[in-house]
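The values are calculated or read from the model by the stated rules, or taken from the named source; none is laboratory data. Being a predicted model, the structure only gives us computed values, none of them experimental. Cβ: placed from backbone, ideal geometry, glycine included. Neighbour counts: every protein chain shown.
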Amino acid sequence: MKRKVSLVAAALLFAISSATPVFAATGKVISCAGIVHVAAAKKDTALPCLDGGAGLSFQSLRGPVVVNVWGSWCGPCIEEIPHFRALAAKNKVRIVGIDVEERNMAGGRKFVLSHGMTWPILFDPDGRTKGIFGLGVPVTWFIDAKGKVTYKQIGTIHSDQALFDLVKKNLGVKL
């Protein structure tokens, strides 16, 4: 009888966990300390890190890096998260996220943890980067080692392969 209850409990737990996008890979938001960047100029727009640590400016990023600008309130942004998780799993190119217009850091952190986003996230609570990124999200930037934007994808990335192809074409990194 005990075995039957265990199997039922396991099946129920699997069904619940499959329906809810909850991930506990690290249990904390990834630090921005490892982001490759150069010293920011005074005119650059500095952003805090969602982990609460020191932030940096978008203009100071050096790649190859894929920068994904998103908001937890944005349906298309949520749709493309699995593709960024697949890219992160390849461990061949860095990813930096930028959470825009979130109510507060706590909400952003909760969203990041619940969606398994295992890359550093910068935080733009008041939209100060609109002049750089534009008004809509998602937007994905591809930045080379010199800090040059090689491509800007406006709108949703619809598949792992589409994202991998963009990385290869715009950053020269084969996945």
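With the structure loaded, tell me whether residue 67 is closer than 21 Å to residue 170 by Cβ, among the β-branched types (Val, Ile, Thr) and touching a strand residue (DSSP E or B) at 6+ places or on another chain (Cβ under 6 Å) or whether it fails that test.
So residue 67 fits the description; yes.
Return a yes/no flag: does region 95-109 have any residue that is at pLDDT 95 or above and over 13 Å from the mean Cα position of the chain (by Cα).
no
If you take the residues in region 30-55 that are within 14 Å of residue 147 (Cα to Cα) and touching a residue at least 40 places away in the same chain (Cβ under 8 Å), which one is farthest from the chain's Cα centre (by Cα)?
For region 30-55, the residue satisfying everything is 38.
Could you check region 117-173 and list, in sequence order, the residues that are over 20 Å from residue 102 (Cβ atoms), without any contact (Cβ under 8 Å) to a residue 24 or more places away in the chain and not in a helix (DSSP H, G or I)?
148, 149, 150, 151, 152, 153, 154
Could you list, in sequence order, all residues of region 122-150 that are touching a strand residue (DSSP E or B) at 6+ places or on another chain (Cβ under 6 Å) and under 21 Å from residue 71 (Cβ atoms)?
Once the filter is applied, which keeps residues that are touching a strand residue (DSSP E or B) at 6+ places or on another chain (Cβ under 6 Å) and under 21 Å from residue 71 (Cβ atoms), region 122-150 yields 122, 123, 124, 133, 137, 138, 139, 140, 141, 142, 143, 149.
What number of residues in region 42-76 are closer than 18 Å to residue 152 by Cβ and aromatic (Phe, Trp, Tyr)?
2
If you go through region 60-96, how many residues are of a type outside the set (A, V, I, L, M, F, W, C), surrounded by fewer than 23 Cβ atoms within 10 Å (Cβ to Cβ) and closer than 16 Å to residue 120 by Cβ?
Qualifying residue count for the region: 6.
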